[in-house]
Amino acid sequence: MLRIGVIGLGNMGTSHADVLARGEVEGGVLAAVCDARPERLEWAREQYGDQVKGFGDAEQMMASGEIDGVVIATPHYDHPPLAIRAFAHGLHVLIEKPAGVYTKQVREMNEAAASAGTVFAIMYNQRTNPLYRKLRDLVESGELGEIRRTNWIITDWYRPQSYYDSGSWRATWEGEGGGVLINQCPHQLDLWHWTTLLKPKRMRAFCRFGKYRNIEVEDEVTAYVEYENGGTGVFIATTAEAPGTNRFEVTGTRGKIVIEDGKMSFWRLRVSEPEFNASYRGLFGKPECWKVEIPVEPGSGPQHKGILQNWTDAVLKGTPLLAPGEDGIHGLMLSNAMLLSTWTDDWVEMPIDEDRFHAELMARIDESRQRRTQGAKA
């Protein structure tokens, strides 16, 4: 049995605690919860009973001996430091996405995880989605050939101004560390890397900050990436487009796959494009192409509960992790590169200059604090 403590009783932390309390994760039991707000701890006591211990301090919970692992569902900046403390206590760790706000702190977390030797996972629940699992399988098996281009338009994250006004920490550099990239798009950024198996070489991005909403951070992004294999990609995201689009297109030498509206279509070439090009002698011919609707299991997979179960099974049975915690740095590297490219108005080589990014981020946090101080004095 894995005794689990949940740190942070916000929306996601409460959801994870409820799943565990209902006994929906085989081998996992909710043993403790932690939140700095007394009213949330009182709510937890009424909801779960006295058998679930309540703590107002994460360090106390980690040192209590009441738990074997923690689920960290706190604000973004807190994920790495809390995970590092948990590793120091010999605990297994499952963090919510994103892994952190900047790759420098996430790299330190990954190093601590490697030293601890405990099981470390991240809540990339979209990796359980049959659509994206099928895409990864088709890429890995070589059905698409060599990938030449990716294009993800993910603009169905519509958020009105009232959403941002609901909390002073929302859409601020100090509170969340970014906007649509860090808050809405971590799953897409992860899946982009996970399904295509591509290694970005350099990035040029154009982020717009507070373009459509009264916020500090990015609410519109257009990015262009070049991969080590010579392929290219485009990533477009915003929280201000209605109606929005979610279309992921991956083109290779053997055809093209499109995921949109919960379906997967494969335009498969009878012979690969390089093979056709080498042998064709006419003027306007093109490879024969068959459109195939790829059969995919219905539904979106077990999602959050599936990751909780997989993490628990990894601890108790040695089951391979579907979403290793160390993978969190890959998607974050992409979003950090997009911001850094915009801030410097230049190309960014991968991996990014982590110290430069951190310095740029801290400068924006300082500017934000100064504006608030001046506003308070006025």
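The values are calculated or read from the model by the stated rules, or taken from the named source; none is laboratory data. Quick caveat, the model's predicted, so the values are computed rather than measured. All Cβ positions, even for glycine, are placed from backbone atoms using ideal geometry, and neighbour counts span all protein chains on display. Please note that ligands, DNA and RNA were not included when accessible areas were found on the heavy atoms of the full protein model with its side chains. Shrake-Rupley method; radii C 1.70, N 1.55, O 1.52, S 1.80 Å.
Brief remarks on what is shown
- Compactness of segment 146-193 - radius of gyration and Dmax, Cα, Å: 13.8, 46
- Partner lysines for Lys317 [C-alpha distance under 19 Å; skip if fewer than 8 residues away on the same chain]: Lys305
- Cα centroids of segment 192-245 and segment 74-112: 25 Å apart.
- Ellipticity estimate at 222 nm from DSSP helix runs (n ≥ 4, -39,500 (n - 2.57)) divided over the chain, nearest 500: -11500 deg cm²/dmol
- Once the Cα atoms are used to define both axes, helix 103-116 deviates from the longest principal axis of the chain by about 70 degrees.
- Principal-axis analysis of the Cα atoms of the chain puts helix 186-196 at an angle of about 40° to the longest axis.
- Cα-based Rg / Dmax (Å) for segment 298-371: 18.3, 52
- With only the Cα atoms considered, segment 185-315 has a convex hull volume of 205 Å³ per residue.
- Under 5 Å from the amide H of Gly178 lie the amide H atoms of Thr172, each residue being 5 or more positions distant or on a separate chain, with H modelled from the backbone and absent for Pro and chain starts.
- Label point 7 Å beyond Cα of Glu226 along Cβ direction - residues of segment 324-364 with amide nitrogen under 15 Å: 346-351
- Accessible area per residue for segment 235-378, computed on protein heavy atoms with a 1.4 Å probe, is 54 Å².
- Relative intensity, log₁₀ I(q)/I(0), of the chain from a Debye sum that treats every alpha carbon as a point, q = 0.07 Å⁻¹: -0.35
- Build a GNM of the chain with springs between Cα atoms under 10 Å apart, and of Phe284, Phe235, Phe357 the one that fluctuates most is Phe284.
- Taking the Cα atoms of segment 235-378, the ratio Rg/Rh between the radius of gyration and the Kirkwood radius comes to 1.11.
- Principal-axis tilt of helix 11-21 within the chain, Cα atoms, nearest 10 degrees: 70
- In segment 17-126, the inverse of the mean reciprocal separation of distinct Cα atoms equals 14.5 Å; this is its Kirkwood hydrodynamic radius.
- Residue list for segment 144-171, given a label point 7 angstrom along the Cα-to-Cβ vector of Ser265 and an amide N cut-off under 17 Å: 151-153
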